[in-house]
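Shown next, in structure tokens, is the structure this report addresses.
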Amino acid sequence: MATILDGKKAAEAIRSQLRDEISRLGKKPGLAAIIVGSNPASKMYVDIKERTCRETGILSERYSLPEATTESGLTELIKSLNSKKTIHAILVQLPLPKHISEHRILSAIEASKDVDGFTSHSKSQLLAGNESSVPCTPKGIIRLLELYKIPIEGKNAVIIGRSEIVGKPTALMLLNRNATVTICHSKTANLREHTLKADIIVAAAGKPGLVTAEMVRQGSAVIDVGTTKVNGRLIGDVDYEKAREKAGWITPVPGGVGPMTVAMLLENTLQCYKNIEGEK
Ligand code: GUN
């Protein structure tokens, strides 16, 4: 039976440490969260991010813009936040409406305020092995693996999903730690063939029930990033009840990767503050 990777508990400990550290700073770190349109999932995520910011002593400002916002209007807002002294970190909640280029918008964020690690600058840094600004979910996954002392170097890691937010950066972070990394996706011919060789599986496809117990190698670490709402409940990509009998470690949904993502957002906000204000 697998050890449960308790992201909720780990995130609480991280938040408590951050709260102490932030209370001793000269000023309050400030995060601006921009949300365009009325996607309910996006609103829920930003609500959670803002609430945890406030609980941790981070000043949080929300900018809610209508669906019809133009790309130039959004760019102007980002430019004004780039030069706003009380704001140290800028988050643009994705996805953006179809008529706005995510790439151009994210590139408008000043590198020092890139709390999500989504700018071209941060992406190229990660590609070169520099992890000073990395996306929150991959960072949270790696932190969980490290906290539970799960070996990475020399291990086979299989990532399911190739998104810019989770799949690709997680693959790079595991590669930076000397794992042998395979990225699988919707066109992968025989997923099970790959997962059965995996010491670490990261399921980030957003497809409930995709990873069955038959696909899990005995004793492996199974990280479930899936968060699909089914009848009001959050469901992961892994058949948790059966897979936990084979896995060595497994994350629950909810209470696994999700809380770690938010904790890493707070940590990244503090890092942006330190870089800008020059405090250690
Ligand atoms: N949309 C889905 N996940 C994320 C995330 O981690 N950050 C932002 N900004 N948008 C997202």
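Nothing in this text is a laboratory measurement; each read-out follows from the coordinates by a stated rule. Quick caveat, the model's predicted, so the values are computed rather than measured. Counting neighbours? That spans all protein chains shown, and the Cβs are built from the backbone with ideal geometry, glycine included.
Dipole magnitude for the chain: about 120 debye, using +1 per Lys or Arg Cβ and -1 per Asp or Glu Cβ, origin at the Cα centre.
Please report the equivalent ellipsoid semi-axes of region 133-248, computed as sqrt(5 x eigenvalue) of the Cα gyration tensor, largest first, in whole Å.
Working: eigenvalues 76, 55, 41 Å².
Result for region 133-248: semi-axes of 19, 17, 14 Å.
Between the amide H of Thr180 and those of Gly154, Lys155, Asn156, Ala157, distances stay under 5 Å, these residues lying 5 or more places away or on another chain, with hydrogens modeled in the peptide plane. Compute the acute angle (0 to 90°) between the alpha-carbon long axis of helix 71-82 and the principal axis of greatest extent of the alpha-carbon atoms of the chain; round to the nearest 10°. The angle comes out at about 80 degrees.
In order along region 180-186, phi translates into HN-Hα couplings of 9, 10, 10, 9, 9, 7, 4 Hz, rounded to whole numbers, per the Karplus curve 6.51 cos²θ - 1.76 cosθ + 1.60 with θ = phi - 60° and x for Gly and Pro. Rg and Dmax of region 1-154, both derived from C-alpha coordinates alone, stand at 16.9, 53 Å. For region 5-14, the Karplus equation 6.51 cos²θ - 1.76 cosθ + 1.60, evaluated at θ = phi - 60°, returns couplings of 7, 8, x, 5, 5, 4, 5, 4, 5, 5 Hz by residue, with Gly and Pro reported as x.
Computed over the chain, the convex hull of the alpha-carbon atoms projects to a mean area of 14.3 nm².
Note on Lys98: lysines with a C-alpha under 30 Å away, same-chain residues under 8 apart excluded, are Lys43, Lys49, Lys79, Lys84, Lys113, Lys123, Lys139, Lys168, Lys187, Lys207, Lys229.
Normalised by 2.2 N^0.38 Å, where N is the number of residues, the C-alpha radius of gyration of region 1-74 stands at 1.43. Using just its DSSP H runs of length 4 or more, each adding -39500 (n - 2.57), the chain gives a mean residue ellipticity at 222 nm of -12000 deg cm²/dmol after division by all residues. The protection proxy used here, the mean number of other Cβ atoms lying within 10 Å of each residue, ranks peptides 158-169, 119-130 as follows, highest first: 158-169, 119-130. Shown in residue order for region 227-232 are the 3J(HN,Hα) couplings computed by the Karplus curve 6.51 cos²θ - 1.76 cosθ + 1.60 at θ = phi - 60°: 9, 9, 7, 10, 6, x Hz (x for Gly and Pro). Relative contact order, whole percent, for the chain stands at 22, derived from Cα pairs under 8 Å and 6 or more residues apart.
Once the convex hull of the alpha carbons of region 61-150 is built, what does its volume come to per residue, in cubic angstrom? Don't skip to the answer; put the middle values down first.
Working: hull volume 10.7 nm³, N = 90.
Considering the Cα atoms of region 61-150, their hull volume per residue is 119 Å³.
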